[in-house]
1. Name the residue that is farthest from ligand 1 (Cβ to nearest atom), counting only residues in the stretch 165-194 that are surrounded by 15 or more Cβ atoms within 10 Å (Cβ to Cβ) and polar (S, T, N, Q).
2. I'd like the residue in the stretch 32-80 that is of a type in the set (V, I, T) and closer than 17 Å to K116 by Cβ and, out of all such residues, is modelled with the highest pLDDT.
3. Does at least one position in the stretch 100-121 carry a residue that is modelled with pLDDT of 95 or more, among the charged types (D, E, K, R), in contact with a helix residue (DSSP H, G or I) (Cβ under 6 Å, 6 or more places away or on another chain) and not in a helix (DSSP H, G or I)?
4. From the list S162, S115, S141, S101, pick out the single residue that is buried (at least 20 other Cβ atoms within 10 Å of the Cβ) and of a type in the set (S, T, Y).
5. Would you mind finding the one in A177, A172 that is within 16 Å of ligand 2 (Cβ to nearest atom), modelled with pLDDT under 95 and assigned to a helix (DSSP H, G or I)?
6. Out of L122, L92, L56, L27, I need the residue that is surrounded by 15 or more Cβ atoms within 10 Å (Cβ to Cβ) and free of Cβ contacts under 8 Å to residues at least 40 places away in the same chain. Which one?
7. Being among the basic types (K, R) and either loosely packed, with under 15 Cβ neighbours inside 10 Å or within 16 Å of ligand 2 (Cβ to nearest atom) (or both): is that true of K44 here?
Amino acid sequence: MKPACIFDLDGVIVDTAKYHYLAWKRLANSLGFDFTEHDNEQLKGVSRVESLKLILRLGGKQLDDAEFDAALVRKNGWYLEYIQQIGPEEILPGAAEFLTSVRAQGIKVALGSASKNAVLILERIQLLDQFDAIVDGNKVSKAKPDPEVFLKAAEELAVPASACIVFEDAVAGVQAARNAGMKVVGIGSAAVLDQAHFVLPNFAGLSIADVLARFA
Ligand code: B16
Ligand code: MG
């Protein structure tokens, strides 16, 4: 059975985490408390709604439902402002070349991201046409570590979960891939992503043949 590859977006293909951070910090400041880069680490791979819940907990602040929804809209407006200018130069090292190597082998490629802005970002970095299926925050109801996003991606590719290799930078994302019964390559720190089958710092100088050899 030919494998399929499922990629997370933020932290794997492109580094939009810094723009999420700026927008969350601006929101926290407008609500009267600060939000540090250290706290931001906890938001990796976490959905927009869950991120706000976490930030409010950290700031010791409560919002009613209408205020909560308005805060989500404000944060996303600022985030969209920040990513207005991004382009292919923001693609993480080796990611575009790695995608090319996957497609050259005739291996199907899907996106499995929590972001509701995924298509916009892929358009901006000019990689939208590299994906056979896109499953993003608009298509799922359960956040990682629930396996829904990756199982949907496998379904859209018509490939069994056991043949899928997921690339993830977040602990919750690695757990989601494991919960889906998939192979998972962590992108980032081996100490943090210890539930992945193996971890790479990034895709620089790497091709799909190197990854397949590790699973052989
Ligand atoms: P949005 P990923 C995730 O993307 C980000 O890591 C996370 O920080 C963000 O809150 C989430 O998307 C939702 O993003 O506000 O654009 O819908 O890592 O799953 O690609
Ligand atoms: Mg991520």
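1. That would be N179.
2. The qualifying residue modelled with the highest pLDDT is V73.
3. Yes: the stretch 100-121 contains one or more residues that are modelled with pLDDT of 95 or more, among the charged types (D, E, K, R), in contact with a helix residue (DSSP H, G or I) (Cβ under 6 Å, 6 or more places away or on another chain) and not in a helix (DSSP H, G or I).
4. S115
5. Testing whether each residue is within 16 Å of ligand 2 (Cβ to nearest atom), modelled with pLDDT under 95 and assigned to a helix (DSSP H, G or I) leaves just A172.
6. Result of the check over L122, L92, L56, L27: L56.
7. In short, yes.
The values are calculated or read from the model by the stated rules, or taken from the named source; none is laboratory data. Everything quoted here is computed from the prediction, not taken from an experiment. So basically every Cβ, Gly included, is an ideal-geometry build from the backbone, and we count neighbours across all protein chains shown.
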